[in-house]
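Single-structure report; data block below.
The values are calculated or read from the model by the stated rules, or taken from the named source; none is laboratory data. This structure is a prediction, so every number in the text was calculated from the model and none was measured. Neighbour counts are summed over all protein chains in view; Cβ atoms, including those assigned to glycine, are modelled from backbone coordinates with ideal geometry. Calculation scope for accessible area: heavy atoms of the full protein, side chains included, ligands and nucleic acids excluded. Shrake-Rupley method; radii C 1.70, N 1.55, O 1.52, S 1.80 Å.
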There are 2 protein chains.
Amino acid sequence: MEETKNILVIGAGRSSSSLIKYLLDHAEEENWEITVADVSLEAVRQKTQDHPHSRPIVFDIHNEQQRAEEISYADIVISMLPAHMHMDVANDCLKYKKHLATASYVSKGMAALDLAAKEAGIILLNETGLDPGIDHASAMKIIDDIHESGGELTSFKSFCGGLVSPECNDNPWGYKFTWNPRNVILAGHGTAQYIDKGQYKYIPYNRLFTQSEIIEVEGHGKFDAYANRDSLSYRPIYKIEHIPTMVRGTLRMPGYCKAWHVFVKLGLTDDSYKIEASDTLTYPELLDAFLPDGDGTAKEKLVRFMGAEMDGDSLAKIEWLGLFEDTKIGVANASPAEILQHLLEDKWKLQEHDKDMIVMQHQFKYRNAAREARTILSSLVVIGEDPVYTAMAKTVGLPLAIMTRMILQGKIMARGVTIPTTKEIYVPLLEELEKFGVKFQEKEF
Amino acid sequence: MEETKNILVIGAGRSSSSLIKYLLDHAEEENWEITVADVSLEAVRQKTQDHPHSRPIVFDIHNEQQRAEEISYADIVISMLPAHMHMDVANDCLKYKKHLATASYVSKGMAALDLAAKEAGIILLNETGLDPGIDHASAMKIIDDIHESGGELTSFKSFCGGLVSPECNDNPWGYKFTWNPRNVILAGHGTAQYIDKGQYKYIPYNRLFTQSEIIEVEGHGKFDAYANRDSLSYRPIYKIEHIPTMVRGTLRMPGYCKAWHVFVKLGLTDDSYKIEASDTLTYPELLDAFLPDGDGTAKEKLVRFMGAEMDGDSLAKIEWLGLFEDTKIGVANASPAEILQHLLEDKWKLQEHDKDMIVMQHQFKYRNAAREARTILSSLVVIGEDPVYTAMAKTVGLPLAIMTRMILQGKIMARGVTIPTTKEIYVPLLEELEKFGVKFQEKEF
């Protein structure tokens, strides 16, 4: 019988549920012992459920001795920590020659470990969640196919959104928080950069949500799509440096972007300063502080201020949030963004019975070997099972779990800093994901 | 005869001309030796002109030994260095118990030296230029007057601009660079914060230049005024914590703000990223990169994009800059703001014969002891003499020179970190400034 392999999972938060379940479900067959480490033992026990192959531990990432002990004991480490905390783990993995897998973007610090990791014979696998992760794998599969069949890619657009399953979608925004609310409030800050028909395009934040486009996913209807901050840097990653059109974007339900623009124009998504005595203000008083002088109620002034930039649908969304109601903000010394987050966390709370939904769509345009113009739409929709095994937890966690299994089985030869854009990885990864309902629907015309 | 006093002036750039001239003109009578220190000996010699009381030296602020030697040799140090370089000087001043004067805002580091400076018996005088500087002195004189006569200040608005003398104002923007161009391009980034009739007001950068107001300075016509980033923090400094209306702003010629908004809305004042291959683009191609898709020339698309936000006057200003002409940008790997600066430095260059102009206006509203509503307008206009003795150099440098003289004469008792808001300072300072034509015109009604 083969030797027991030890897996160390650091972080047992909400997005680790499907990851840990997959590992435990395969532990017997693969002869694994799975150490699940978190500051909260309760969070760990909720996920491990006394499974005989699990080893729950209380873990402090800043305790160097414990970190070294646990990493040296493991065969592979999966870090579900926030991105900025991976480096201590990565350095220990290098020291003790252990593989590492994360769902985070390759940071500069991580990239710098590439050569040392290759020399140590370990893989530092990153960007292996949903976005980044499944997007890389599924896009590269089609891009490689097109190139190998003698085709030429002329346009690649890719969109992803963490949304709410339609039957649970009971508010006018069509949105609830299924991940970090702060990131949703601050989404898009900076300047969106992409390329369109050979021309660089820049959309500053102040008009980002006025320049959204509408995309359709067959069987799931239409979505607003706004451009992500940086699409240009993906060209070398996908080996399409000279593609004329390349844009990545975020999906929301139709009408969301137009309404969100009201907050952007007002200045309510600003996180750079604190509002004095914010806890003493009501929401209409807050609006007044951002609106030019004028007569009438906050609502009337807002309508005048936005002019043609706000329609009745957007106004209804704003009104539904209670911004015209005479209630106190109730949060002290807060930035505009923090006040908005406080309000939305209440209004956009995912309820016990709610299910989330992940939507991803890649749009490829290419000329085939016969120089004919072709289009491929590749779409993924995943609905969560319940508040624990959400679509988000599934699509972020399963790729890491699957890759961990493949690495421990010796099926992955890549070493050094790696992301799932190579055939060796994406073929088995996408195959295994399909067994869990994470399956792209392709349409070509 | 009194002992010789040694003055160390660090920095002999453009804004030091009037400062050094005042010191040299009083050197004989006051028995001063004036060391002028700069990395460029040529810059020093241009200012000192072999004056018998001058001692020109080549100086490297990062040479600790030289810095210590020169500061320990001086009786007072005037630092004309960029604000972030004052701290090394201040620490040496503390060590060797020498007075220090700067025209910069009190930084946190500087503020922290207050107690130690008092114990050492030295004054660390800051914010003693134009803005901050003359604004503090002239405003406090009137605020103190109102309070001492039993009045109550209800509104204080203060505006300042570094402009071009009307007879040299030969371009449609009514603007040329009389100080750091980069600061002009980036002016207003962030959120303007002020208070109006007891209500906090916030104007985000994306609409700052659409919400300018018009002020009039008698005999000098009208000006656009846009709100500065932070007006709220001035309330404690002026001892008017509970004033219902307080705003500080920047002056430009009428129409400037509406036209500048075109750049803000496009995104051309953004300094946070680089435009790829910027040197290969023409100006219309640059505009295209920021404009939504559409038919027609860059000019036609811009007109459509801006809609009612751009009038014919603004369009003429944009056109005059050559943005619709088919010429290359000619600056590589530049941010949008850097590209705009490159263009404007060419178009808005102060010519040899041009004179600059400083305009400042304070607007006070108060109730006098008899509870009558009164208004005071206090306005300053200074025209430069020539390209060396500019209005900017005069108004920034003379306050420092005058205060240096008063400190060496033993007339200033304040010690520790000080700004010119007290009577001991502002009364003699404003009196002496008047001799140089820096004189506020007051009007009360």
Interatomic Cα distance distribution for region B:400-444, bins of 5 angstrom, percent
5, 19, 31, 24, 12, 6, 4, 1
Along each of the three principal axes of the Cα atoms of region A:147-213, give the extent in whole Å, ordering the values from largest to smallest.
46, 32, 20
Minimum Cβ-to-axis distance in chain B for the rotation onto chain A, with residue, whole Å:
B:Asn206, 2
Modelled FRET efficiency - R0 30 Å, A:Glu434 with A:Gln351, Cβ distances, 0.05 increments:
0.50
Restricting to Cα pairs under 8 Å and 6 or more apart, the percent relative contact order of chain B works out to 21
Entries of B:Lys176/B:Lys301; B:Lys176/B:Lys317; A:Lys108/A:Lys201; A:Lys197/B:Lys317; A:Lys95/A:Lys118; A:Lys258/B:Lys265 with Cα pairs more than 19 Å apart:
B:Lys176/B:Lys301; A:Lys108/A:Lys201; A:Lys197/B:Lys317
If you take each beta carbon of peptide A:288-295 and count the beta carbons of other chains within 10 angstrom, what is the mean?
4
Could you work out the Rg to Rh ratio of region B:243-304, with Rh taken as the Kirkwood radius (inverse of the mean 1/r over all Cα pairs)?
1.13
Helix by helix through chain B, keep the DSSP H runs that span 24 Å or more along the axis on Cα and average at least -0.5 on Kyte-Doolittle, and give those back in order.
B:391-408
Rolling a 1.4 angstrom probe over the protein heavy atoms, how many square angstrom per residue are accessible across region A:185-309?
38
Using a Förster distance of 22 angstrom, determine the FRET efficiency expected from the C-beta separation of B:Asp313 and B:Glu216, and round it to 0.05.
0.70
Return the Rg/Rh ratio of the protein assembly as shown with Cα-based radii and a Kirkwood Rh.
1.03
For A:Tyr73, tell me the accessible area in Å² from a 1.4 Å probe, rounded to the nearest 10.
100
What is the packing order of peptides A:4-16, A:342-354, taking the mean over residues of other C-beta atoms within 10 Å and listing the highest first?
A:4-16, A:342-354
Please list, by residue number, everything in region A:26-66 whose backbone N is under 20 Å from a paramagnetic label point 7 Å out along Cα→Cβ of A:Glu2.
A:26-36, A:52-55
List B:Val381, B:Val89, ordered by accessible area with a 1.4 Å probe, largest first:
B:Val381, B:Val89
What nm distances, shortest first, do you get from the label point of A:Lys95 to those in the other copies when the point sits 7 angstrom along Cα to Cβ?
3.8
Counted charge near A:Glu152, where neighbours are those whose Cβ lies closer than 9 Å (Asp, Glu -1; Lys, Arg +1):
+2
Mean projection area, nm², convex hull over Cα of region A:20-120
6.6
Take the Cα atoms of region B:60-176, find their three principal axes, and give me the spread along each one in whole Å, biggest first.
49, 47, 23
With a Förster distance of 56 angstrom and the Cβ-Cβ distance between B:Arg182 and B:Gln409, calculated FRET efficiency to the nearest 0.05 equals 0.90
On average, how much area does the Cα convex hull of chain B cover when viewed from any direction, in nm²?
23.5
Ordering A:Val417, B:Val427 by how much accessible area each has at a 1.4 Å probe, largest first, what is the list?
B:Val427, A:Val417
The relative contact order of region A:2-149, taking Cα pairs under 8 Å that sit 6 or more residues apart, comes to a percentage of 19
Defining the label point at 7 Å along Cα→Cβ, can you sort the distances from B:Asp386 to the same site in each other copy, shortest first, in nm?
8.7
Where the centre of each part is set by its Cα atoms, how far does region B:249-322 sit from region B:154-193, in angstrom?
19
At 7 angstrom along the Cα-to-beta-carbon line, where would the label on A:Gly294 sit relative to the other copies? Give the distances in nm, shortest first.
2.3
State the antiparallel share, in %, of DSSP beta bridges confined to chain A, rounding to the nearest 5.
60
Percent carbon-and-sulfur accessible area, region B:124-273, ignoring ligands, DNA and RNA, probe 1.4 Å:
50
Accessible surface buried once A binds B (1.4 Å probe; total of both sides; Å²):
2500
Nearest-5 percent of antiparallel DSSP beta bridges in the protein assembly as shown?
60
Suppose all protein chains stay in the model; what accessible area per residue would a 1.4 Å probe give for region A:1-160, in Å²?
43
Structure shown: which of B:Lys141/B:Lys435; B:Lys21/B:Lys98; A:Lys98/A:Lys141; A:Lys274/A:Lys394 lie over 26 Å apart, alpha-carbon to alpha-carbon?
A:Lys98/A:Lys141; A:Lys274/A:Lys394
Could you tell me what a quarter of the Cα convex hull surface of region B:273-394 works out to, in nm² with one decimal place?
13.0
